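The values are calculated or read from the model by the stated rules, or taken from the named source; none is laboratory data. Treat the numbers as computed from the prediction; the structure is a model and nothing was measured. Glycine also receives a Cβ, built like all others from the backbone with ideal geometry; neighbour counts cover every protein chain displayed. Heavy atoms of the whole protein, side chains included, go into the accessibility calculation; ligands, DNA and RNA do not. Shrake-Rupley method; radii C 1.70, N 1.55, O 1.52, S 1.80 Å.
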Amino acid sequence: MTAALISWGKGRRAAAAIGAVSLGLVTLSACEKPTSLATVSVGSTTVTAEATPGCDGEGQELSRKAIAACITKKGSGKTITVHPGEKVRVGVDPDVAKSGWVAIGAGPVMEEPSKQTYRSFDADALFMQRDPVTGQPSYKKDVTLQVAEIGKGQGPKTMWHFTLERKG
């Protein structure tokens, strides 16, 4: 009789395990694929963001209309304070690095797309803008740092936006 109770208990445990696995698979199939992340760090402060809403081509290059809308977007609620002379570190997921990415502050700060997962920039370069007539540099108080994954046609596939505030 004891043997019958033991085997019946094993059967219930096995059925419960199969039910839990099935429920887990159904739950996972209902989930969306997570978007890639971009991270910005200054000193000991780090902010991470998913792609800016409306700026994720889900592996395809963004349309011209989407690019125009994304370029004008401000930071996605992710703000970080930067002091003159500090380094701003930007990191992206390995899949984004494989595709290539660029960072843009008050103006372009990279000459060509990077295939690295991490780059650092002088804060002054991110806040500097040049007068188109005189060429004199000036520094903005805040800037939207745009990080863009580049597609094969050199257009952006995904964009992330961070607000950098200059102190000091």
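Taking the residues in region 35-84 that are of a type in the set (Asp, Glu) and closer than 25 Å to residue 121 by Cα as candidates, determine which candidate is most open to solvent (accessible area, probe 1.4 Å).
So in region 35-84, the residues of a type in the set (Asp, Glu) come out as 50, 56, 58, 61.
Retained after the next criterion (residues that are closer than 25 Å to residue 121 by Cα): 50, 56.
On the way: 50: 109, 56: 52 Å².
If we take residues in region 35-84 being of a type in the set (Asp, Glu) and closer than 25 Å to residue 121 by Cα, then 50 is most open to solvent (accessible area, probe 1.4 Å).
Scanning region 110-162 for residues being assigned to a strand (DSSP E or B), open to solvent by 30 Å² or more (accessible area, probe 1.4 Å) and either of a type outside the set (D, E, K, R) or under 19 Å from residue 42 (Cα atoms) (or both) gives a total of 10. If only residues of region 76-115 that are within 14 Å of the chain's Cα centre (by Cα) and polar (S, T, N, Q) are counted, the one that is modelled with the highest pLDDT is 99.
Hey, among 111, 165, 149, which residue is more than 20 Å from residue 64 (Cα to Cα) and touching a residue at least 24 places away in the same chain (Cβ under 8 Å)?
Working: 111 fails: touching a residue at least 24 places away in the same chain (Cβ under 8 Å); 149 fails: more than 20 Å from residue 64 (Cα to Cα).
After applying the criteria, what remains is 165.
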